[in-house]
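Remarks on the structure that follows.
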Amino acid sequence: MEARAVAKYVRMSPRKARRVIDLIRGVGVDKALNVLHYTHKAAAQPIEKTLRSAVANMLTREEASNIDPESLMVKEAYVDQGFSLKRFRAASMGRAMRIKRPSCHITIVVAAMDDSPEKIKKRR
């Protein structure tokens with residue numbers, strides 16, 4: 001069983017957000033929240049918010065009423081490119097320089113951990 005959360009149109013470069021999201025892919029939710037809380041990157045805050053939303057989505061399902069939040073793991077986590085705001089900045093001699101302000105979409109999927117021995121060996 002899995003649940004997902006998507007944060008769309010986050011005003012941040014997708015390249016910078018991918019550096020942070022790579023830290024939490026495939027780890028337990030409690031460890032991922034600790035990593036995000038102590039990461040000194042601007043992308044950590046919206047990613048942490050999206051992860052908390054995915055956990056809440058999982059726990060509010062009827063089928064998941066007996067799932068322990070500590071037994072959840074980040075199954076998928078990825079960042080897609082959103083639209084870019086295009087602006088102009090005044091330059092010398094009457095010219096205008098283009099400024100692109102990128103945005104991104106953050107998607108996180110959490111699932112219950114399967115504690116079979118084969119899967120634990122693969123995770124290590």
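Read-outs: derived from the displayed coordinates by stated rules, not from any lab. On a predicted model such as this, the values are computed, not experimentally measured, just so you know. Positions of Cβ are generated from backbone atoms using ideal geometry, with glycine treated the same way; all protein chains shown enter the neighbour counts.
For the stretch 41-62, which positions are more than 14 Å from the chain's Cα centre (by Cα), assigned to a helix (DSSP H, G or I) and either surrounded by fewer than 19 Cβ atoms within 10 Å (Cβ to Cβ) or without any contact (Cβ under 8 Å) to a residue 12 or more places away in the chain (or both)?
Looking only at the stretch 41-62, we keep the residues that are more than 14 Å from the chain's Cα centre (by Cα), and these are 56-62.
Still in the list and also assigned to a helix (DSSP H, G or I): 56-59.
Listed by number, the residues that qualify are Ala56, Asn57, Leu59.
If a residue has to be part of a strand (DSSP E or B) and among the hydroxyl-bearing types (Ser, Thr, Tyr) to count, how many in the stretch 72-100 make the cut? Even if it seems obvious, please write down each step before you answer.
To start, the set of residues in the stretch 72-100 that are part of a strand (DSSP E or B) comprises 72-90, 96-100.
Next cut, among the hydroxyl-bearing types (Ser, Thr, Tyr) only: 78, 84.
Residues that pass the stated criteria total 2.
Taking the stretch 81-117 only, how many residues are more than 17 Å from the chain's Cα centre (by Cα) and under 30 Å from Pro69 (Cβ atoms)? Give the derivation first.
First, the residues of the stretch 81-117 that are more than 17 Å from the chain's Cα centre (by Cα): 83-101, 112-117.
The next check asks that each one be under 30 Å from Pro69 (Cβ atoms); those that pass are 112-117.
Looking only at that region, the number is 6.
Looking at Asp30, Asp22, can you tell me which residue is touching a helix residue (DSSP H, G or I) at 6+ places or on another chain (Cβ under 7 Å) and of a type in the set (D, E, K, R)? Let's see the steps before the verdict.
Working: Asp22 fails: touching a helix residue (DSSP H, G or I) at 6+ places or on another chain (Cβ under 7 Å).
Matching residue, one of Asp30, Asp22: Asp30.
List the pairs whose first member sits in the stretch 9-32 and is part of a strand (DSSP E or B), whose second member is surrounded by fewer than 16 Cβ atoms within 10 Å (Cβ to Cβ) and among the hydrophobic types (A, V, I, L, M, F, W, C), and whose Cβ atoms are under 8 Å apart, counting only residues at least 6 apart or on separate chains?
Close Cβ pairs (under 8 Å, with a partner that is surrounded by fewer than 16 Cβ atoms within 10 Å (Cβ to Cβ) and among the hydrophobic types (A, V, I, L, M, F, W, C)) amount to Tyr9/Phe83.
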